[in-house]
1. Within the stretch 40-61, take every residue that is touching a strand residue (DSSP E or B) at 6+ places or on another chain (Cβ under 8 Å) and not hydrophobic (A, V, I, L, M, F, W, C) and give me the one that is farthest from the ligand (Cβ to nearest atom).
2. Out of the stretch 94-136, which residues are within 26 Å of Asn162 (Cβ to Cβ) and more than 15 Å from the ligand (Cβ to nearest atom)?
3. Given the criteria basic (Lys, Arg) and touching a helix residue (DSSP H, G or I) at 6+ places or on another chain (Cβ under 7 Å), does Arg144 qualify?
4. Any idea which of (1) in a helix (DSSP H, G or I); (2) closer than 23 Å to Leu43 by Cα is the one Lys190 doesn't satisfy?
5. Taking the options Ile105, Ile125, name whichever one is modelled with pLDDT of 90 or more, surrounded by 19 or more Cβ atoms within 10 Å (Cβ to Cβ) and within 22 Å of Phe207 (Cβ to Cβ).
6. Going by the structure shown, is Arg198 more than 11 Å from the ligand (Cβ to nearest atom), in contact (Cβ under 8 Å) with a residue 12 or more places away in the chain and buried (at least 23 other Cβ atoms within 10 Å of the Cβ)?
7. Since Phe28 meets every condition but one in (1) at pLDDT below 95; (2) touching a helix residue (DSSP H, G or I) at 6+ places or on another chain (Cβ under 6 Å); (3) within 16 Å of the ligand (Cβ to nearest atom), which condition does it not meet?
8. Being in the same structural domain as Phe251 (by TED's automatic domain parsing) and surrounded by fewer than 17 Cβ atoms within 10 Å (Cβ to Cβ): is that true of Leu172 here?
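The values are calculated or read from the model by the stated rules, or taken from the named source; none is laboratory data. Just so we're clear, the structure is a prediction, and the values are computed from it rather than from any experiment. A quick note on method: Cβ atoms are made from the backbone with ideal geometry, for glycine too, and the neighbour counts reach across all protein chains shown.
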Amino acid sequence: MAAPVGEGSRASEPGAAPYGNFPNYSRFHPPEGRVGLLPAGLLRSLFPAATRPLLGLDVGCNSGELSVALYRHLLGLQQSTDSLAQPAAGKDLHLLCCDIDPELIERAQQCSPFPTSMSFAKLDIMDRGARERLLGSYLARFGRSSFDIVFCMSVTMWIHLNHGDRGLLEFLSLLASLCRYLLIEPQPWKCYRAAARRLRRLGRNDFDHFRSLEINGDMAERITQILSRDCAMELVCCFGSTSWDRSLLLFKLSGSGHEDRASSGQEQ
Ligand SMILES: C[S@@+](CC[C@H](N)C(=O)[O-])C[C@H]1O[C@@H](n2cnc3c(N)ncnc32)[C@H](O)[C@@H]1O
C-alpha cells in the first residue's frame, strides 16, 4: 500500500511520489506542451450558446500550473494579463481543481492568479464521501448538479496503479457521470513500467496492482473503449500527442445523459 500523503514521505525520499504527486511536475512536463494542442476557441465551439457560467473540474491538479494555463488558454487570456482582465473568449468559467496531496494544494492556493474563479481543494477523488461533499457543495453554489467540462490530465495511471482495474473502471465511470465533456490525457503503458521501476529503485514496495492489471497495452485505446462502451461517452477528437507521446482526447456524453447536462440547451 502506498504511504499516506502528507506524512513527509517525499521529504525523506525525494522522488517517491506514489500518487504522481511530484512537487515540480510542471517543470518536466510543462503545461504549454498540452494547452498548445487545444484550439483557441474550444470553449466557444463546445458551448456556443452558454448563458450561464461554465463550470469545470480539474482532477489531479498537482500545484495548479496546468490548471492556470488551461484557464488562461480557454479564455484567451495572455500570460501577462492579470486577474482583473476580461476573458476575451466572452465566457465565464469557474474551475474547481482538486488533488490528493494537501501540500500541492496549499502551493496552488498561494500562487493562484485567479482566486475568484479558480478554487483549489484537497480531495482524494476515490473517496466517495469526501468527493460527494466537496463536489456537491461546489455545484450547489451554482445551482447545478454536474460540470460542463472535466479535465483529467496525466492522472489515470496513478488511479490504475493504486486502485487496480476495478478502480480505473470506477474512476472513468465517475468522470463520465460528472460532466458533459471530458478532456483526458492517459499515460501510455511504458509510463507504468517506468513508475514501477522508479518505486523499486527507491526500495519501496511495488504498486499493489501493477502485476495483475488486465487492462494494459495501448492505454489511450483501452480508455476510449471503456468510455464509449461502458460510460455512454463518445470520442469527439484527439487533439494530437505531446512530446511525451500522450494523447489529448476529448469525449462528450452521448445520447440521453443526466438532465442537467442534456437539457440545458447550451451545448452543441
Ligand atoms: C502526474 S500529476 C499530473 C498533474 C497535472 N494534472 C498535470 O497534468 O500537469 C498527477 C496528479 O494526480 C494526483 N492524484 C493521484 N491520485 C489522486 C486521487 N486519488 N485523487 C486526487 N488526485 C490524485 C497526484 O497527487 C498528482 O498531483
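1. Here the answer is Pro53.
2. Within the stretch 94-136, the first condition is being within 26 Å of Asn162 (Cβ to Cβ), and the residues that meet it are 95-109, 119-136.
Residue satisfying the conditions is Gly136 alone.
3. Working: basic (Lys, Arg): yes; touching a helix residue (DSSP H, G or I) at 6+ places or on another chain (Cβ under 7 Å): yes.
Considered against the rule, which asks whether it is basic (Lys, Arg) and touching a helix residue (DSSP H, G or I) at 6+ places or on another chain (Cβ under 7 Å), Arg144 comes out as yes.
4. So Lys190 meets the others, but not (2).
5. Details: Ile105 fails: within 22 Å of Phe207 (Cβ to Cβ).
After applying the criteria, what remains is Ile125.
6. Values: more than 11 Å from the ligand (Cβ to nearest atom): yes; in contact (Cβ under 8 Å) with a residue 12 or more places away in the chain: yes; buried (at least 23 other Cβ atoms within 10 Å of the Cβ): no.
Answer is no for this residue.
7. (2)
8. Judged against the criteria, Leu172 is not a match.
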